[in-house]
Structures are given as structure tokens and as C-alpha cells.
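The values are calculated or read from the model by the stated rules, or taken from the named source; none is laboratory data. For clarity, every value in this text was computed on a predicted model and none was experimentally measured. Positions of Cβ are backbone-derived with ideal geometry, glycine not excepted, and every protein chain shown enters the neighbour counts.
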Amino acid sequence: MEITCFRRILVTGGAGFIGSNFARCLLELGACEVVVLDKLTYAGNLANLADLAGQPGFRFIHGDIADPAVVAEAMDGCDAVVNFAAETHVDRSLLEPAAFIQTNVHGTYVLLETALRAGVERFVQVSTDEVYGEVLTGRSRESDPLRPRNPYSASKASGDLLALAYYASYGLPVMVTRGANTYGPYQHPEKFIPLSVTNLLEGRPIPVYGDGRQERDWLHVRDHCRAIALVLARGEPGQVYNVGAGNHRPNLEVARAIVRLLELPEEMIQHVTDRPGHDRRYAVDASKIEALGWAPEIPFEAGLAETVRWYETNRDWWIPLKSGQFADYYRRNYGSRAVLSGGAET
Ligand code: NAD
Ligand code: TYD
């Protein structure tokens, strides 16, 4: 099956970072109709979709995935659903977990239930490698136990399990993807790479949590979107697919690379208080999706340089995000850390 075979694809959370890149990717692949449903939380941004608005086949609906009436309307006539909608920031989940349970668990349930009633033919639940918990050595396989250690990853693991239960119990054709840490254009400046780049562009340091030796596998958003599109078209119902690029880097090394790209001194990196329960390392074995025909194409150094340039040339996109609700949130919750790190206070 190809993307062009679908009549109408619902992309929930499509005004966020990966979802907006994915909606663009679907239209580039020739999808007939793409409907985005998004609640426009602090992380959702219509500017992410500005170039798609008005394109034939594209429609935006403002609404909550936990609202059954809105979801039924958005899913009407859709033969496929890709669920990106989620609360996604680990630090926020440690402070205010309720919204994570509401959207990532209950919202996922509402989508699954509505999809079942609507006879949706393909449902992709976009998840994360963080559901495996920290992996100090080796790589997680799809069959490994889930050991999430913070409210974000626990709520995502719950969403995965519900989605797989809807396949096993009711035959809803669900596939789950578990992607690695993703970076690229349109990522909210609360996340590590865009926070680091935009802080430096504002003359502030990069706040590195703890010793900075925590390791993540950095996956470019376009590679991640191609993987999800492949699973949507050719994944096997009931299956889970890890998506990782093999770009394992300690945070400190990523911070140093960003400082070098902006030709700044290493003193612009500051160690700050560590995140509680900070997972040291995530790493997945991606051989299952590779066997389906996917491989990462963007080397980390090239992708990072392109991303730094994107934030340098799109200040109008991120400056408002750092001066609105995000700044209020940081002031409330990270007052001392923001001062320590030269973080996001205004
Ligand atoms: P994001 O925070 O940038 O975007 C999330 C989007 O969901 C926003 O547009 C927000 O408005 C919307 N949303 C939140 N609650 C909603 C609700 N109740 N109803 C409708 N819309 C709602 O997140 P992202 O980084 O683009 O992540 C997208 C998905 O990919 C998430 O499910 C996340 O768990 C997963 N993921 C992210 C990464 C990563 O590194 N960013 C890696 C692997 C998987
Ligand atoms: P983040 O982008 O929040 O993604 P996740 O926690 O989902 O992996 O963080 C990536 C890594 O960077 C993680 O190890 C935490 C670290 N980090 C910092 O060192 N400083 C920061 O200001 C942030 C936001 C993250």
C-alpha cells in the first residue's frame, strides 16, 4: 500500500513539531486529503502549518483528542489516523503530570474507540523509545519490557499498551512506532537542541543537566517522518517498530557541537542541577523497520548544522515562544535554575 491509496488521513497533534513536519511530508508524498486535529496547547502553533494552509487537500480542526464529539467529526471519512497529539516534555511531566495522563492516556483511548466505530483501516500510534526506560547498555528491542521512569514516558507506555489492546481485543489495525529523540525545524525551544541554539542566539548559556553524560540517539525529523509514513503504508497491524538513527551522543558533546557551529567559546556551556530521575541513556535496535525498507538518511552533523541555521534564520518563529507562556512557566517552576543557567527568563 502507498500513501496515495488513502482517501483522507487524520493527523492529530499536527500543529506540533513532528506532526507538522509529517503533514508536510504526507502532502509531498501525494496524499489526497490531510486533516490536522490539534488542541493548540502551548506546544501547538499554527505558524508550523502556515505553508500548508490553503493547499488543496489540507484542513485544520481546532480541538481536543479527549473530546469524543470533536474526534468523531474530525475522523469522519478518514481511512487512516496517525496520532502525534501528546504532552511531550519530561520536565513538565515531573511538575504537572495530570495533563499527560489526560491527553496521552485518555485522549488515546478516545481516538482508538472512535477509530473502531468509524471502521478506520490503519491507525499509527506515534510513541517513543523512552517507554523502555533507561538502557545503560545494548539496545531495546520491540519485545523488551517497558520500564518507564517518569510521568511522560509512563503515560506514553500506557497509550502504547491501550493501542495494542485495541488490536488484540477488537482487531483495530494499529501499529506503534517508538522513535528516538528527534530534532529539526519547528521544535519548541523548551527541548534540548532548540533551547541550546536559541539561548546562544540570545547571548545566554546552554544549561546542561548534571554531568551532561546522558546519552540520546538523535533522529532527524524528516527521517522520523519517513519512518512513520512507511509504517502507515506497509506496517503490519499489531506490530511495534523502533525508529533510531544510531547517532548516540552524550548531551555535553551535542552542546559542544552547537557552540562550535555558532563560533562561540565553550564557557557558554553551564552545568545546572540535574533533572530528577534523569534517564542516562536510550538506545533502540531499529532492525525491524530497516527490514521494512527504512534507513536514516541525514547524518547528525549535517542535520545539526542545518537545524542551527534554521533557528538562526527563523527568529520570528521562536522569539514569541520564549517570551509568552513558556517564559511564565519557566519563571514559576525553574526560577532558580533559570537564573543559574541563564535559561528562559525574560
Ligand atoms: P509537540 O509537543 O511539539 O507537539 C504536540 C502537539 O500535540 C501540539 O501541537 C499540541 O497542541 C498537540 N496536543 C497536545 N494535547 C492535545 C490534545 N489533547 N488534543 C489535540 N492536540 C493536542 O510534540 P512532538 O515532539 O511533535 O511529538 C509528537 C509525538 O511524537 C508525541 O506523541 C511524542 O510522544 C512522540 N515522540 C516525540 C519525540 C521527540 O523527540 N520530540 C520522539 C519520539 C516520539
Ligand atoms: P529533552 O530535549 O527534554 O528530551 P528527553 O528528555 O525527552 O530526552 O532532553 C534531551 C536531553 O537533554 C536529556 O538528557 C535532558 C537534557 N537537557 C539538558 O541537559 N538541559 C536542558 O535544558 C534540557 C531541556 C534537556
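Filtering region 78-96 to residues that are within 16 Å of ligand 2 (Cβ to nearest atom) and either in contact (Cβ under 8 Å) with a residue 60 or more places away in the chain or in a helix (DSSP H, G or I) (or both) leaves PHE84, ALA86, GLU87, THR88, HIS89, VAL90, ASP91, ARG92, SER93, LEU94, LEU95.
Select, from LEU26, LEU37, the only residue that is surrounded by 18 or more Cβ atoms within 10 Å (Cβ to Cβ), of a type in the set (A, V, I, L, M), more than 16 Å from ligand 2 (Cβ to nearest atom) and not in a helix (DSSP H, G or I). Exactly one residue qualifies, and that residue is LEU37. When only residues in region 64-77 that are on the phi < 0 side of the Ramachandran plot and assigned to a loop (DSSP other than H, G, I, E, B) count, which is nearest to ligand 2 (Cβ to nearest atom)? The qualifying residue nearest to ligand 2 (Cβ to nearest atom) is ILE65. The residues in region 78-115 that are more than 26 Å from PHE58 (Cβ to Cβ) and either in contact with a strand residue (DSSP E or B) (Cβ under 8 Å, 6 or more places away or on another chain) or among the hydrophobic types (A, V, I, L, M, F, W, C) (or both) can be counted, and the count is 8.
Restricting to region 57-77, name every residue that is in contact with a helix residue (DSSP H, G or I) (Cβ under 8 Å, 6 or more places away or on another chain) and in contact (Cβ under 8 Å) with a residue 40 or more places away in the chain.
From region 57-77, those in contact with a helix residue (DSSP H, G or I) (Cβ under 8 Å, 6 or more places away or on another chain) are 57-58, 60-61, 63-68, 71-72, 75-76; that's our starting set.
Those that are in contact with a helix residue (DSSP H, G or I) (Cβ under 8 Å, 6 or more places away or on another chain) and in contact (Cβ under 8 Å) with a residue 40 or more places away in the chain: PHE60, ASP64, ILE65, ALA66, ASP67, PRO68, VAL71, ALA72, MET75, ASP76.
For region 92-110, a residue qualifies if it is within 12 Å of ligand 1 (Cβ to nearest atom) and either at pLDDT below 95 or under 18 Å from the mean Cα position of the chain (by Cα) (or both), and the qualifying residues are ARG92, SER93, ALA99, PHE100, ILE101, GLN102, THR103, ASN104, VAL105, GLY107, THR108.
Yes/no matrix, rows are residues, columns are (1) in the same structural domain as VAL120 (by TED's automatic domain parsing); (2) modelled with pLDDT under 95; (3) surrounded by fewer than 18 Cβ atoms within 10 Å (Cβ to Cβ); (4) not hydroxyl-bearing (Ser, Thr, Tyr):
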site	(1), (2), (3), (4)
MET175	yes, no, no, yes
LEU195	no, no, no, yes
ASN199	no, no, no, yes
GLY210	no, no, yes, yes
ILE228	yes, no, no, yes
GLY238	yes, no, yes, yes
GLU253	no, no, yes, yes
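When the residues of region 45-59 are filtered to those that are within 27 Å of ALA233 (Cβ to Cβ) and either buried (at least 18 other Cβ atoms within 10 Å of the Cβ) or outside the structural domain of CYS25 (by TED's automatic domain parsing) (or both), the one that is nearest to ligand 1 (Cβ to nearest atom) is ASN48.
Are any residues in region 157-199 charged (D, E, K, R) and within 10 Å of ligand 2 (Cβ to nearest atom), and if so, which ones? Lay out the reasoning, then the answer.
The initial filter retains those residues of region 157-199 that are charged (D, E, K, R), namely 160, 178, 190-191.
Listed by number, the residues that qualify are GLU190, LYS191.
In region 62-82 there is no residue that is buried (at least 16 other Cβ atoms within 10 Å of the Cβ), farther than 23 Å from PHE22 by Cβ and under 18 Å from the mean Cα position of the chain (by Cα). The numbered conditions (1) on the phi > 0 side of the Ramachandran plot; (2) in contact with a strand residue (DSSP E or B) (Cβ under 6 Å, 6 or more places away or on another chain); (3) more than 11 Å from ligand 1 (Cβ to nearest atom); (4) not aromatic (Phe, Trp, Tyr) are all true for GLY203 except (2).
GLY138 - would you say it is under 21 Å from ASP217 (Cα atoms) and either within 13 Å of ligand 2 (Cβ to nearest atom) or at pLDDT 95 or above (or both)? So GLY138 fits the description; yes. Considering (1) within 16 Å of ligand 2 (Cβ to nearest atom); (2) assigned to a strand (DSSP E or B), the lone condition that ILE61 does not fulfil carries the number (1).
Tell me the residue from PHE22, PHE17 that is of a type in the set (Phe, Trp, Tyr), more than 19 Å from LEU111 (Cα to Cα) and assigned by TED's automatic domain parsing to the domain that holds VAL82, please. Walk me through it before giving the result.
Details: PHE22 fails: more than 19 Å from LEU111 (Cα to Cα).
None of the other options fit; the residue is PHE17.
Checked against the criterion of being over 20 Å from GLN102 (Cβ atoms), among the aliphatic types (A, V, I, L, M) and within 16 Å of ligand 1 (Cβ to nearest atom), the candidates LEU164, LEU172, LEU136 yield just one match: LEU164.
Determine which member of the set THR182, THR177 is more than 14 Å from PRO237 (Cα to Cα), touching a residue at least 12 places away in the same chain (Cβ under 8 Å) and of a type outside the set (D, E, K, R). It is THR182.
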